[in-house]
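These notes concern the structure reproduced below.
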Amino acid sequence: MLDPRHLQALSAVVEQRSFAAAAHSLSLTVAAVSLRIKALEESLGQRLLVRGKQVRPTAAGQSLLTHAKRVQLLEADLLGALAGSATGPQRRAHWHSLSVAVNADSVASWFLPGVAPLLLQQRLLLDVWIDDQDHTHDALHSGEVLGCVSTLAQAMSGCRAEPLGTMRYRCVATPEVAQRSRNPEGALSVHRLLEWPAVIFNRKDALQDRFLAQHFGLHQAHYPRHFAPAIDAFEAAIELGLGWGMVPELHLQRRPDSATPLVDLLPGAAVEVALYWHHWAHEPLSAQRLTDAVKAAAAAALGPAVAD
């Protein structure tokens, strides 16, 4: 039998990326956490962590972490069911946490509004890992989350990948930047556009490159760039006239009338990003409910899913 305290220590170290932070989160000493990890590794006969500036799990550690999270969810589901059948003060179920990896555009537009009713009804705590949609899959592979919104269509072993729909992105800027990016005939000049900086969410964001390649045949184009890794800051930078950027249609549709106007630089042209929900093939009940809520939210907000 695996000692739950040892699994708890492993989860904390991986989540916190260090023994010291894990010890603080568990109200233990660093030595106590280290001893628990050592005992777990000795009982299994293999290394579970790669020690370094940032601690990360080995392949065996990743597998064990995924197992630990499933056990925790199963226990939480059981406790919730027992609390639901009880009477008196013990009837209310405890809160328990679900970890997911989601791109910032989805969190801000459809993901949280779609799953909020479930979280409140089932007393679920959401631990959201924000990353680019091309990279969220890494967190599921490492065992740190139970589900992720990703652009990858292929499910990894032990998981399922279900089409959610497509997010459409438009290339927008202020009217002033738009005017300076046009030729004398009034059409968008890509060469004039690239004289202006692009506003980019972070260094993993490749939407602007996809736009240039898809609509102008430009690959590996060189242009100045601002980086603003927060949704509000990203859109504020575009509104302030610092440059042009790729903004989801969902965000543009919900902009208040009082907001700084933004112009679609190439009307009718968009970049479509197909999204998939990756999750464990065999999920505890609470995770199954989350999967259902995510799929329903995406169906209501996103464009049609890509056909297999």
Exactly one of these conditions fails for Arg254: (1) touching a Gly at 6+ places or on another chain (Cβ under 7 Å); (2) under 29 Å from Asp209 (Cβ atoms). Give me its number. (1)
Somewhere in the range 51-58, is a residue modelled with pLDDT under 80, crowded, with 19+ Cβ neighbours inside 10 Å and of a type in the set (D, E, K, R)? no
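How about the range 140-159: which of its residues are touching a residue at least 40 places away in the same chain (Cβ under 8 Å) and more than 20 Å from Arg289 (Cα to Cα)?
Selection gives His141, Ser142, Thr151, Leu152, Ala153, Met156.
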Set Asp292, Asp264, Asp257, Asp232: member being on the phi < 0 side of the Ramachandran plot, surrounded by 15 or more Cβ atoms within 10 Å (Cβ to Cβ) and among the acidic types (Asp, Glu): Asp264
Could you tell me which residue of the range 123-159 is farthest from the chain's Cα centre (by Cα), considering only residues that are assigned to a strand (DSSP E or B) and closer than 14 Å to Ser106 by Cβ? Leu126
Members of the range 174-190 found to be within 10 Å of Leu262 (Cα to Cα) and under 33 Å from the mean Cα position of the chain (by Cα), listed by number: Thr174, Pro175, Val177, Ala178
Just give me the residues in the range 166-215 being hydrophobic (A, V, I, L, M, F, W, C) and farther than 30 Å from Tyr276 by Cα, in sequence order. Val177, Ala178, Ala187, Leu188, Val190, Leu193, Leu194, Trp196
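May I ask you to say which residue of Glu162, Glu176 is out of contact with any Pro (no Cβ under 9 Å at 6 or more places or on another chain), assigned to a strand (DSSP E or B) and either without any contact (Cβ under 8 Å) to a residue 60 or more places away in the chain or more than 22 Å from His219 (Cβ to Cβ) (or both)?
Working: Glu176 fails: assigned to a strand (DSSP E or B).
Residue meeting the stated conditions: Glu162.
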Go through the range 210-308 and tell me which helices (runs of 4 or more DSSP H), entirely inside it, have 1 or more residues that are in the same structural domain as Leu193 (by TED's automatic domain parsing). 231-239, 249-253
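The values are calculated or read from the model by the stated rules, or taken from the named source; none is laboratory data. Just so it is clear, the structure is predicted and the values come from calculations on it, not from any experiment. All Cβ positions, even for glycine, are placed from backbone atoms using ideal geometry, and neighbour counts span all protein chains on display.
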